[in-house]
Amino acid sequence: MARKTIKVADVVGFVNDELARVNSTVEGRQAMMLLAERVLHEAGCYKGFFHLSDLDLPKEVKPGIRYYDNGGVNDEHKFDDTDQTRVQYFI
């Protein structure tokens, strides 16, 4: 069997696209997160992630963190009614 390589950035870019996709499922995003974290850790280049906010996603999508119109994050409520699978990994 021929051995091929793939760029870590390409895999993580694909995962990030899927994590932001409107019609993805929580279970699908959880699987994508496992894939990204495994690839990034194995390659020794894990740099963390950030939550996609209500400013990054359409209104019908539950965000990973909430920003408010008052000019920033309301620390007390920023994770209220959010989806912790709405993240993006640093590449």
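Which residue, of Gly48, Gly44, Gly28, Gly64, is free of Cβ contacts under 8 Å to residues at least 24 places away in the same chain and touching a strand residue (DSSP E or B) at 6+ places or on another chain (Cβ under 9 Å)? After applying the criteria, what remains is Gly64. Has the stretch 24-39 got at least one residue that is exposed (fewer than 13 other Cβ atoms within 10 Å of the Cβ), closer than 15 Å to Tyr89 by Cβ and either touching a Pro at 6+ places or on another chain (Cβ under 7 Å) or among the basic types (Lys, Arg) (or both)? Yes - at least one qualifying residue is present in the stretch 24-39. Residues in the stretch 45-67 that are closer than 9 Å to Asp83 by Cα and of a type in the set (D, E, K, R): 1 in all. Residues that are loosely packed, with under 15 Cβ neighbours inside 10 Å, more than 11 Å from the chain's Cα centre (by Cα), at pLDDT 95 or above and of a type in the set (A, V, I, L, M, F, W, C) within the stretch 40-91 comprise Ala43, Cys45, listed in sequence order. Across the stretch 14-39, the qualifying residues are those that are of a type in the set (Lys, Arg) and assigned to a helix (DSSP H, G or I), and the one among them that is nearest to the chain's Cα centre (by Cα) is Arg29. Can you confirm whether Lys4 is at pLDDT below 95, surrounded by fewer than 14 Cβ atoms within 10 Å (Cβ to Cβ), part of a loop (DSSP other than H, G, I, E, B) and at negative phi? So Lys4 fits the description; yes.
The values are calculated or read from the model by the stated rules, or taken from the named source; none is laboratory data. The model shown is predicted, which means the values in this text are computed figures rather than measured ones. Every residue, glycine among them, receives a Cβ derived from its backbone with ideal geometry; neighbour counts consider all protein chains shown.
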